[in-house]
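The values are calculated or read from the model by the stated rules, or taken from the named source; none is laboratory data. Computed from a predicted structure; not experimentally measured. Counting neighbours? That spans all protein chains shown, and the Cβs are built from the backbone with ideal geometry, glycine included.
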Amino acid sequence: MSAMHVAGISAEQEQAPKSAPRLKRQSLSGRPLASAAPERIPGGQCRVAIVGLGTVGGAVARLLSQSGAAHPLRLSHVCNRKIARKRVDGMPSRVVWTESLQRVLDSDADVIVELIGGLEPARELVASALRKGKSVVTANKQLIAYFGSELLALARDNRQYLGFGASVAGGVPVLSALQHGLAGDRLAEIRGILNGTCNYILSRIEQAGASFAAALAEAQNAGFAEADPTADIDGHDAAAKLAILARVGLKIAISPDQVHRQSIRKVDVIDFEHAHELGCTIRQLSTAQLYDGCAYLGVQPSLVPQSSPFAKVSGSQNLVVSTGEFGGETSFGGYGAGGNPTAVAVISDILQAAAYRRNPDTLPDEAPVAPCELTQDVEAPQYLRFVVRDRPGIIAALATVFSRHQLNLYAVLQKPGHPSSALPFVITLEPCAQSRLAAALDEIGRFDFHVQQPIAMPILA
Ligand SMILES: NC(=O)c1ccc[n+]([C@@H]2O[C@H](COP(=O)([O-])OP(=O)(O)OC[C@H]3O[C@@H](n4cnc5c(N)ncnc54)[C@H](OP(=O)(O)O)[C@@H]3O)[C@@H](O)[C@H]2O)c1
């Protein structure tokens, strides 16, 4: 495959959608879409091609078609595999519909908007577009988290803009705020609730007393979780977003694979009961911290105080709080997912791309980003929940292990009403390093009194 050709559907395979009754497109008149003549557009306007006409791509196409001449953007192409199935109301007839990625690359579009998701062929499409002198906007977190360095270097070498503001927190403009609004500060920490599926599941466990399995099934039925929910509930999705936040905000290059991840699968209704006793609730929290010249990046279910703004975040809402050396805490909240909120972020990036195309000399270089050593030795108070076959000496056995690892026990909580054959109780620990806790839990896990393996969660101070 040549550098300019993208795997996927060839131009020869392109065909007009045959059944799109609500579209005012050339296919309706019986002419093949590929014959659509390039439109003359007034100077200063910017042609936009959308690749991937799904939830976000469809919303971007609709918003671009609706907003008339108020902005300099003109939708020129939409591209999707098997495009005959796709519908977008109100799209101008001049727009070329195609199944061919190559046709989009060979077109006169100024900006290519990648909204197909995944790593390939998205990576090849973006790289080819940049090499062809086109600007690119993407909402693809995996692509930027894994190949951001490579693609941003390619954009710089080709003097093109690569916008990815929608890749983290959907419609919340946190990346541009970190890039520009807080550029004058030295950020030390970024914390966030970055995954709506986890919010939904944890809220259902809390509010309906549902088991994790029941809450997940409910989320899947309601369209809030994928058939394969692994990426969300095991923290891969949030880890990719956290790696991008760390790149932009903390100026460190970390692969999502290096982010410490803990699934929410083990969180149970009993954990919420104990968390409430402690004045807390439970959220999947993503944290990137600079610490003694190292960095800690983790995605974990965590106890957050009810008084914390993180406790108030629900559904597809996201919240990111950055902490700067000089400016202190700054919060960014709003809809982290959904077609329209994400489309707003995408269009904002396209407008930025259009502005840079008008004035290429103003195209900024990315602030320098460097690799950073990772540490697990950040300290936090910990919540440990056990379910045991009750017998004398269990607390003493646990205390011995804690003491060997220099972990200070803070409190023991036990709620009445559970059988001694499966007795839940909670121990909280004073702030301790994750590495010492992990070593102690490794030993503790070998005791024969467990009915379930213990769960550990940090407590946000
Ligand atoms: N949805 C959100 O709320 C949200 C928020 C922030 C960021 N994002 C990101 O935005 C991107 C798009 O997400 P989405 O929710 O819009 O996904 P989606 O609904 O699955 O849409 C993706 C579209 O791309 C098409 N497609 C996939 N691979 C293709 C290929 N090789 N060639 C041509 N077309 C292809 C799909 O066609 P089919 O119909 O055949 O599958 C589908 O129409 C992803 O990177 C996602 O992570 C989404």
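Assorted remarks:
- Residue in the stretch 137-156 that is surrounded by the fewest Cβ atoms within 10 Å (Cβ to Cβ), counting only those that are more than 14 Å from the ligand (Cβ to nearest atom) and small (G, A, S): A153
- Conditions (1) more than 10 Å from the ligand (Cβ to nearest atom); (2) at pLDDT below 95; number of the one not met by E189: (2)
- Residues that are closer than 20 Å to V269 by Cβ, in contact with a helix residue (DSSP H, G or I) (Cβ under 7 Å, 6 or more places away or on another chain) and of a type in the set (A, V, I, L, M, F, W, C) within the stretch 280-312 comprise I282, L285, L303, V304, listed in sequence order.
- Counting the residues of the stretch 84-113 that are within 17 Å of L64 (Cβ to Cβ) and more than 8 Å from the ligand (Cβ to nearest atom) gives 20.
- Residue among V388, V346 that alone is touching a Phe, Trp or Tyr at 6+ places or on another chain (Cβ under 9 Å), at pLDDT 95 or above and β-branched (V, I, T): V388
- Only a single criterion out of (1) polar (S, T, N, Q); (2) farther than 30 Å from A61 by Cα; (3) within 16 Å of the ligand (Cβ to nearest atom) is not satisfied by T287, namely (3).
- Looking only at the stretch 120-136, and only at residues there that are under 23 Å from T55 (Cα atoms) and either modelled with pLDDT under 95 or away from the ligand (no atom under 11 Å from the Cβ) (or both), the one that is surrounded by the fewest Cβ atoms within 10 Å (Cβ to Cβ): R123
- When P364 is tested against (1) touching a strand residue (DSSP E or B) at 6+ places or on another chain (Cβ under 6 Å); (2) in the same structural domain as L115 (by TED's automatic domain parsing), just one condition goes unmet, and that condition is (1).
- Residue in the stretch 155-168 that is over 20 Å from A122 (Cβ atoms) and among the acidic types (D, E) present: no
- Only one of S307, S331 that is at pLDDT 95 or above, in a strand (DSSP E or B) and out of contact with any Phe, Trp or Tyr (no Cβ under 9 Å at 6 or more places or on another chain): S331
Yes/no per residue for (1) surrounded by 13 or more Cβ atoms within 10 Å (Cβ to Cβ); (2) in contact with a strand residue (DSSP E or B) (Cβ under 8 Å, 6 or more places away or on another chain); (3) in the same structural domain as C280 (by TED's automatic domain parsing):
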residue: S421; (1), (2), (3): no, yes, no
residue: V426; (1), (2), (3): yes, yes, no
residue: L429; (1), (2), (3): yes, yes, no
residue: A433; (1), (2), (3): yes, yes, no
residue: A440; (1), (2), (3): yes, no, no
residue: I444; (1), (2), (3): yes, yes, no
residue: F447; (1), (2), (3): yes, no, no
residue: Q452; (1), (2), (3): yes, yes, no
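- Sole exception among (1) part of a helix (DSSP H, G or I); (2) in contact with a Gly (Cβ under 9 Å, 6 or more places away or on another chain); (3) β-branched (V, I, T) for I190, by number: (1)
- Selection count, the stretch 310-327, where residues are touching a strand residue (DSSP E or B) at 6+ places or on another chain (Cβ under 6 Å) and free of Cβ contacts under 8 Å to residues at least 60 places away in the same chain: 1
- Scanning the stretch 317-368 for residues that are closer than 18 Å to L152 by Cβ and among the hydroxyl-bearing types (S, T, Y) yields Y356, T362.
- For I205, the conditions (1) without any contact (Cβ under 8 Å) to a residue 60 or more places away in the chain; (2) in a helix (DSSP H, G or I); (3) crowded, with 21+ Cβ neighbours inside 10 Å all hold with the exception of (1).
- Condition met for L319 (among the aliphatic types (A, V, I, L, M), closer than 29 Å to A222 by Cα, assigned to a strand (DSSP E or B) and within 16 Å of the ligand (Cβ to nearest atom)): yes
- Residue in the stretch 369-390 that is in a helix (DSSP H, G or I) and in contact (Cβ under 8 Å) with a residue 12 or more places away in the chain present: no
- When A169 is tested against (1) over 30 Å from E373 (Cβ atoms); (2) assigned to a loop (DSSP other than H, G, I, E, B); (3) under 17 Å from the mean Cα position of the chain (by Cα), exactly one condition is not met: (1).
- Residue match in the stretch 61-83 (condition: more than 25 Å from A240 (Cα to Cα), in contact (Cβ under 8 Å) with a residue 40 or more places away in the chain, aliphatic (A, V, I, L, M) and within 14 Å of the ligand (Cβ to nearest atom)): yes
- Condition broken by F164, with the remaining ones in (1) farther than 18 Å from G57 by Cα; (2) among the aromatic types (F, W, Y); (3) under 18 Å from the mean Cα position of the chain (by Cα) satisfied: (1)
- Enumerated helices (runs of 4 or more DSSP H) restricted to the stretch 208-280, each holding at least 1 residues that are under 24 Å from S322 (Cα atoms), among the hydrophobic types (A, V, I, L, M, F, W, C) and out of contact with any strand residue (DSSP E or B) (no Cβ under 6 Å at 6 or more places or on another chain): 230-233, 236-245
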